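S.K.: After the structure tokens below, expect a handful of questions from me.
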Amino acid sequence: MLILASRSPIRKALLAGAGIGFEAKSADVNERAIEAAAARENASPAEIAQRLAEAKALAVGGAAVIGADQVLELDGTILHKPDDAEAARRRLDVLRGRTHLLHSGIAVAVDGVLVWSGVETSRLTMRAFPDAERDAYLLAEGDAALGSVGAYLYEGRGIRLFERVEGDYASILGLPLLPLLAALRRHVPDVLKGFT
């Protein structure tokens, strides 16, 4: 059985939509400790996303495990999920009218051994929207906006905040499906029943 080391509803929906059977389990890892250790080694934000995904793939036991994580980078700085509505408002204020990078790390472990990992980077440019639009958006999303590092849900109303996006849709949502499917075909083809 394939295991997704994430309880993210979006990641689960993407994997299910690709017709892949799996079980979802949370990975118990200290993300901030991994990030701090990587930063001490001068790892880039993209490398940190990949290391987080690798740690999650290795943290969950199983025959085949997918780990995934995202890092939002703005001008070389990593931003984390907002803690409350006020932090979400400030996050959108910082991002609007600017371009940020979203690094989506992905990894596959087989029987506790990392067999593949990678990272996909997307460039997202927000419109310079007015405060009223920001406030209406956050009111409409409610606490759901706190589950995203950018305080936006790109897969829904959040798409309206952007003027330009360069990157794969699934990668932006947190699960780079095309490279993942290629890795599964190579390393655990049995999980891709039906057609490969």
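Taken together, the values in this text are just the output of simple stated rules run on the coordinates, not laboratory data. Please read all numbers here as calculations on a predicted model, not as lab measurements. All Cβ positions, glycine included, derive from the backbone under ideal geometry; neighbour counts span all protein chains shown.
S.K.: Quick one: net charge of A109's neighbours, Cβ under 10 Å, K/R +1, D/E -1?
M.R.: Charge balance near A109 sits at -1.
S.K.: Quick one, what does Rg over Rh come out to for the chain if you take C-alpha atoms and the Kirkwood Rh?
M.R.: Working: Rg = 16.9 Å, Rh = 17.2 Å.
On the Cα set of the chain, Rg over Rh gives 0.98.
S.K.: Continuing with the same structure: Stretched out fully, how many nm does the piece from D131 to E163 gain, at 0.36 nm a residue minus the Cα gap?
M.R.: Full-extension gain reported as 9.9 nm.
S.K.: What's the extension gain from A85 to E31 if we count 0.36 nm per residue and subtract their Cα-Cα distance?
M.R.: Contour length minus the Cα-Cα distance gives 17.2 nm.
S.K.: If you take every residue apart from R123 with its C-beta less than 15 Å away from the C-beta of R123, what net charge results, scoring Lys and Arg +1 and Asp and Glu -1?
M.R.: Around R123, the surrounding residues sum to -3.
S.K.: Which of the lysines could be linked to K81 by a straight reach, that is with a Cα gap under 20 Å, when you skip same-chain ones fewer than 8 residues away?
M.R.: Excluding near neighbours in sequence, the set is K12, K56.
S.K.: Okay, moving on. By the scheme Lys and Arg +1, Asp and Glu -1, what is the net charge of all other residues having a beta-carbon under 10 Å from that of L2?
M.R.: It works out to a net charge of -2.
S.K.: Return the whole-Å distance between the Cα centroid of the range 11-59 and the Cα centroid of the range 100-158.
M.R.: 14 Å
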